Amino acid sequence: MNSSSSKWIVGLTLLAAAGAAHAWPEKPVTVVVPFPPGGATDSVARSVANKLTEQFKQTFVIENKAGATGTIGAAQVARAAPDGYTLMVTSLAPLVVAEHLMKSLPYSPAKDFTYLTVAVQAPNVLVVSPALSSKVNNVQDALALLKAKPGGVSFATSGAGSSDHLTAELFWQKTGTKGLHVPYKGGAPAISDLLGNQVDMSFQNVNAVLPHIKAGKLKAIAITGNKRSAVLPDIPTFAEASVPGLVVYSWQAVVAPKGLPTDVRDKLSAALVSAVKDPAISKPFTDQGLEVVANSPEEFTRFQQQESARWKEVIQAGNITIE
């Protein structure tokens, strides 16, 4: 085969590949959510998937694949073909926490995914049970109680390694205190027991407890944002309450398997940013206390590295393990 023939064949191959990528999506796209239906990540995934279905005139199908702090679903996505037909909408746990808690993670968060966008984020809020609402009115009251009962004040979390668990650990590290970690299988049962006075306090995503705060069932003490929340404007940040450095956001993001063609990545990234910023999607989010991020693949990649390094330090300092 001569040189010109070789170039001709290579050219045809590249054109075919470009055409295939340009035509994406030509069939339904699976969107894996590595958690059960009904939670914040699932809600974000369904809203975004509906908008992408509308944009591309192709079905984006949600598949809930829960278990092992989100790592079962994440491993499935990491193994999938990088063709744009498998995506994952996830919270921070499988991408920046699990590798520091689990000895044998079946994927590499840094190496096995194409990072597309962080869709939304939300600060956590320290809330106290109804039984403590008359005694704990601010962060200093909470610290006084923790110091009076070292290891005796219970903190409900949605599970080991969750955003609310790590926030509690970071709070204890920053203030030289220690509470009793009470992990649950999800945020809903943790909040239920907090409302029922079975536990004392909890760091919960603002959107998860906002209805209970507005109804007067839970008292909000302070939030972990770098500014006050638009939905809780009267609640101070921890920096305002003299606990600097306790800036924590939970977040929901979209990734694909590593090796996604650049043009498909760019097409997806633009569509995701457009979807999340659409008022029909963003307003219900912001009404709940979520904040729209919609960053670029490059920004998300850098953010993942920063978050992973940060939580590794907190996990090691707290000697945290998954029981």
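The values are calculated or read from the model by the stated rules, or taken from the named source; none is laboratory data. Note that this is a predicted model, so its numbers are computed, not measured. FYI the Cβ positions are ideal-geometry reconstructions off the backbone, even for glycines, and counts take in every protein chain you see. Only protein heavy atoms, including side chains, enter the accessible area calculation; ligands, DNA and RNA are left aside. Shrake-Rupley method; radii C 1.70, N 1.55, O 1.52, S 1.80 Å.
Numbers for the structure displayed
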| quantity | calculated |
| --- | --- |
| Sparsely packed GluC sites (Glu not before Pro) within the range 42-107, loop by DSSP, other Cβ within 10 Å at most 14 | none |
| Computed E for N137/A270 - FRET, C-beta separation, R0 51 angstrom, nearest 0.05 | 0.60 |
| Largest-first principal axis extents, alpha carbons of the chain, Å | 84, 41, 30 |
| Exposure rank, largest accessible area first [R79, R302; 1.4 Å] | R79, R302 |
| Karplus-derived 3J(HN,Hα), 6.51/-1.76/1.60, for each residue of the range 292-300, Hz, glycine and proline x | 6, 10, 6, 8, 8, x, 5, 5, 5 |
| Stretchable slack from E298 to K103, in nm (0.36 nm times residue separation minus alpha-carbon distance) | 67.4 nm |
| Packing rank of 188-199, 137-148, where each peptide gets the mean count of other beta carbons within 10 Å, highest leading | 188-199, 137-148 |
| Rel. contact order, % - alpha carbon contacts under 8 angstrom, at least six apart, the chain | 25 percent |
| Residue among F60, P130, P36 farthest towards the positive dipole end of the chain, charges placed on Cβ | P130 |
| Set of lysines near K258 by C-alpha distance (under 29 Å), chain-local residues within fewer than 8 positions excluded | K7, K27, K51, K57, K65, K103, K111, K267, K277, K312 |
| Ellipsoid equivalent to the range 135-226 - semi-axes via the Cα gyration tensor, in Å | 18, 15, 13 |
| Protection-proxy order for peptides 316-322, 35-41, 72-78, each taking the mean of Cβ atoms within 10 Å per residue, highest first | 72-78, 35-41, 316-322 |
| Straight-distance crosslink candidates among lysines, where the alpha carbon sits under 21 Å from K147 and sequence neighbours closer than 8 are dropped | K135, K174, K178, K219 |
| Loop-located trypsin sites (Lys or Arg not before Pro) in the range 152-213, at most 12 other Cβ atoms within 10 Å (DSSP) | K185 |
| Built amide H within the under 5 Å cut-off of F113, gap 5+ | K258 |
| Accessible surface, the chain, averaged per residue in Å² (probe 1.4 Å) | 44 Å² |
| Projected-area average for the range 67-220 over all orientations - Cα convex hull basis, square nanometres | 10.1 nm² |
| Local electrostatic count, G151, Cβ distance below 15 Å [Lys/Arg +1, Asp/Glu -1] | +1 |
